[in-house]
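J.: Can you keep this structure in mind? I'll have questions shortly.
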Amino acid sequence: MGGSSDTPFMKIVEGDNGYVLEDVPHLADYIPDLPTYQNQLQHHPIYSAVRQYFVDVDDSVAQTVVVHKNGKKGTHFRRAGPRQKVYFESNEIHACIVTCGGLCPGLNTVIREIVCGLCHMYGATKVLGIDGGYRGFYSKNTVPLTPKVVNVIHKRGGTILGTSRGGHDTSKIVDSIQDRGINQVYVIGGDGTQKGTARIYQEIRRRGLKVAVAGVPKTIDNDIPVIDKSFGFDSAVEEAQRAINAAHVEAESVENGIGVVKLMGRNSGFIAMYATLASRDVDCCLIPESPFYLEGEGGLFEFIVERLRENGHMVIVIAEGAGQDLISASLQSMEKKDASGNRLFQDVGLWLTHKIKDHFAADHKLSITLKYIDPTYMIRAIPSNASDNVYCTLLAHSAVHGAMAGYTGFTVGPVNGRHAYIPFNRITEKQNKVVITDRMWARLLSSTDQPSFLSPKEIKHVSETAAPTQLLDADSSKEVRQ
Ligand SMILES: Nc1ncnc2c1ncn2[C@@H]1O[C@H](COP(=O)(O)OP(=O)(O)OP(=O)(O)O)[C@@H](O)[C@H]1O
Ligand SMILES: O=P(O)(O)OC[C@H]1O[C@](O)(CO)[C@@H](O)[C@@H]1O
Ligand SMILES: [Mg+2]
């Protein structure tokens with residue numbers, strides 16, 4: 001077992017040919033002689049018929065699937081799924097679920113499937129909802145959750161449990177877990193939440209409690225590393241199509257019409273990029289990872305003139321975190337942060353809209369009509385779509401199986417299509433970003449035929465400093481696999 005002060009319980013197992021298993025902690029690591037039980041699923045009328053239902057204890061999922069003949073096996077994660085041995089009896093299970101951070105389509109589906117998974121597969125009878133995020137552990141009453149209570153919640157947006165940003169007290173949370181006799185904690189939230197979950201796990205371990213802590217990563221921004229995709233992202237991209245479509249209809253109905261759509265994406269432009277690729281109505285996509293400029297040769301204004309002359313209308317999609325460096329640093333709100341310490345951005349959509357309008361008002365050769373659409377919360381306050389619903393079910397069940405098998409201090413997520421248990425630090429240590437030297441961004445540029453806004457010198461710099469491809473560095477797998 002290795003690890004630094006930030007990652008005190010990291011479990012690294014090495015094998016042949018450069019095989020590395022970045023394992024997750026287990027209750028048995030710090031509680032000796034824990035009794036185990038046969039997994040009741042093997043006598044379950046539905047699951048007993050499933051061949052090879054249980055996951056082999058040695059199964060692991062490779063982080064890198066593009067390999068060379070003589071390459072090292074590289075990093076692996078423990079495969080998620082039901083185990084033959086479990087560490088909780090049905091009548092012993094006392095679980096709780098909490099949702100934290102911003103909303104995301106699919107939160108209710110994950111809640112529903114954790115409750116139904118625990119009750120229907122493992123015979124649990126005690127599942128509590130924590131009201132209003134982390135602070136709800138010690139400042140609010142709990143909500144009893146049964147399959148009946150959660151039956152139709154997946155059809156609703158938001159979270160039936162409520163959520164919050166802002167600080168919390170780890171010690172008070174663990175006191176509450178201990179006082180209530182909770183022994184399985186399911187936390188659904190983004191990067192900040194998962195950092196909090198890691199602390200809760202550490203405190204639980206310090207106190208030597210038999211409490212399994214499982215995280216389900218959440219964010220519509222899709223900026224969580226290691227996992228293939230975060231839940232709700234597909235639904236958000238789908239909903240964004242409606243805004244883009246409206247902008248296109250407005251733009252093409254007038255002479256020299258311009259539609260500007262701002263989409264969420266604080267530090268990464270995945271939503272804008274995928275919404276653009278999906279729509280085909282977008283002429284220019286601007287994301288935080290790809291700097292752009294307005295004036296002069298190769299700038300946005302020049303491209304607007306070109307596109308309007310060609311097509312008579314155009315649509316621009318801009319991610320909320322794009323172009324922040326262009327907006328005056330002297331503006332006070334530049335320094336503002338939300339309750340969790342996340343930087344609050346200027347409204348780049350509004351800023352761009354004014355810039356374009358002012359520019360063409362001064363240029364008497366071209367008269368434009370611009371419509372600005374900012375769907376903001378509309379793309380995330382919706383129920384999840386069909387594919388996200390299925391994905392949320394798998395995430396929830398993976399979390400339940402992991403906790404039942406005694407794993408703790410882990411998050412769940414698909415790695416190259418296979419669900420795995422991933423140590424917290426791997427998903428919180430960095431944020432995933434669109435890599436503008438990868439093929440996916442090149443595909444977008446060729447689809448929109450927009451300028452890259454990069455000079456040859458900048459292209460060289462970006463290529464030299466960008467993350468290497470998957471063959472060289474498994475950490476960039478999400479980007480290069482696309
Ligand atoms: N660095 C951190 N360490 C411990 N806890 C944190 C940290 N950052 C945030 N949290 C806690 O996690 C909760 C949610 O954090 P935050 O508002 O940043 O949302 P998030 O989980 O990152 O989701 P989103 O994707 O919506 O930003 C807050 O209640 C906060 O107390
Ligand atoms: O206004 P709120 O709820 O703080 O959240 C807004 C942020 O949350 C996200 O939806 C997810 O992190 C971002 O895209 C967005 O910037
Ligand atoms: Mg966050």
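J.: Work out the charge dipole of the chain with +1 on the Cβ of Lys and Arg and -1 on the Cβ of Asp and Glu about the Cα centre, then indicate which of S230, T411, F303 is farthest towards its positive end.
T.: T411
J.: Right, next: Along each of the three principal axes of the Cα atoms of the chain, give the extent in whole Å, ordering the values from largest to smallest.
T.: 81, 55, 46
J.: Against the empirical 2.2 N^0.38 Å scaling, what ratio does the C-alpha Rg of region 125-179 come to?
T.: Ratio of Cα Rg to 2.2 N^0.38 Å: 1.23.
J.: Quick one: net charge of T163's neighbours, Cβ under 12 Å, K/R +1, D/E -1?
T.: Overall, the nearby charge balance is +3.
J.: Return one number: the angle in degrees, 0 to 90 and rounded to the nearest 10, between the long axis of the Cα atoms of helix 386-404 and the longest principal axis of the Cα atoms of the chain.
T.: That works out to roughly 30 degrees.
J.: Nearest 20 debye, what's the magnitude of the dipole of the chain about its Cα centre given +1 on Lys and Arg Cβ and -1 on Asp and Glu Cβ? All intermediate terms of the calculation are to be shown ahead of the outcome.
T.: Numbers: 51 positive and 53 negative charges, 281 e Å.
Using only the charged Cβ atoms, the result is roughly 1360 debye.
J.: Then there's this: Got a number for carbon plus sulfur as a percent of the chain's accessible area, 1.4 Å probe?
T.: Working: 10350 of 20910 Å².
Carbon plus sulfur share of accessible area: 49 percent.
J.: Sticking with this structure for a sec: What is the packing order of peptides 405-412, 439-446, taking the mean over residues of other C-beta atoms within 10 Å and listing the highest first?
T.: Per-residue mean Cβ counts within 10 Å order the peptides as 405-412, 439-446.
J.: Nearest 10 degrees, 0 to 90: what angle lies between the long axis of helix 270-279 and the longest principal axis of the chain (Cα atoms)?
T.: Around 60 degrees separate the two axes.
J.: Report, in degrees rounded to the nearest 10, the 0 to 90 angle that the Cα long axis of helix 439-448 makes with the longest principal axis of the chain.
T.: Approximately 40 degrees, to the nearest 10.
J.: Ratio of alpha-carbon Rg to the 2.2 N^0.38 Å globular estimate for region 90-227, to two decimals, please. Could you put the intermediate results ahead of the total?
T.: Working: Rg = 14.0 Å, N = 138, 2.2 N^0.38 = 14.3 Å.
The value comes to 0.98.
J.: Also, quick follow-up: Between Q178 and E92, what is 0.36 nm times their sequence separation minus the Cα-Cα distance? Round to one decimal in nm.
T.: 29.5 nm
J.: If you don't mind, there's one more thing I want to ask. Could you state the number of Å between the C-alpha centres of region 36-102 and region 179-238?
T.: Cα centroid of region 179-238 versus Cα centroid of region 36-102: 17 Å apart.
J.: Select from T437, V110, G190 the residue farthest towards the positive end of the dipole of the chain; place +1 on Cβ of Lys and Arg, -1 on Cβ of Asp and Glu, and compute about the Cα centre.
T.: V110
J.: Let me ask something else about it. Can you tell me the mean projection area, over all orientations, of the convex hull of region 2-123's alpha carbons? Units nm², please.
T.: Over every viewing direction, the Cα hull of region 2-123 projects on average to 11.4 nm².
J.: I would also like to ask the following. Keeping all protein chains in place, calculate the accessible area per residue for the chain (probe 1.4 angstrom), answer in Å².
T.: Values: 20910 Å² over 482 residues.
So the chain comes to 43 Å² accessible per residue, rounded to a whole number.
J.: Quick one: what does P(r) look like for region 166-220 with 5 Å bins over all Cα pairs, in whole %?
T.: Histogram of Cα-Cα distances, whole percents per bin: 5, 20, 32, 26, 12, 4, 1.
J.: If you don't mind, another one. Taking amide H atoms as placed 1.01 Å from N in the peptide plane, list the residues 5 or more away in sequence, or in a different chain, whose amide H sits under 5 Å from that of I318.
T.: The list, which skips near neighbours in sequence, is V261, K262, L263, L286.
J.: From the P(r) of region 233-383, can you give the percent of Cα pairs sitting at distances over 23 Å?
T.: Values: 3874 of 11325 pairs.
Percentage above 23 Å: 34.
J.: Let me ask you something else. So for each of 72-81, 339-348 I average, over its residues, the number of other beta carbons within 10 Å; can you give me the resulting order with the highest mean first?
T.: 72-81, 339-348
J.: Ok, one more. Kirkwood Rh, Cα Rg: Rg to Rh for region 361-405? The partial results should precede the final answer.
T.: Details: Rg = 22.6 Å, Rh = 15.1 Å.
Ratio of gyration radius to Kirkwood radius for region 361-405: 1.50.
The values are calculated or read from the model by the stated rules, or taken from the named source; none is laboratory data. All values reported here derive from a predicted model rather than from experimental measurement. No Cβ is skipped: glycine too gets one built from the backbone with ideal geometry, and neighbour counts run over all protein chains shown. Only protein heavy atoms, including side chains, enter the accessible area calculation; ligands, DNA and RNA are left aside. Shrake-Rupley method; radii C 1.70, N 1.55, O 1.52, S 1.80 Å.
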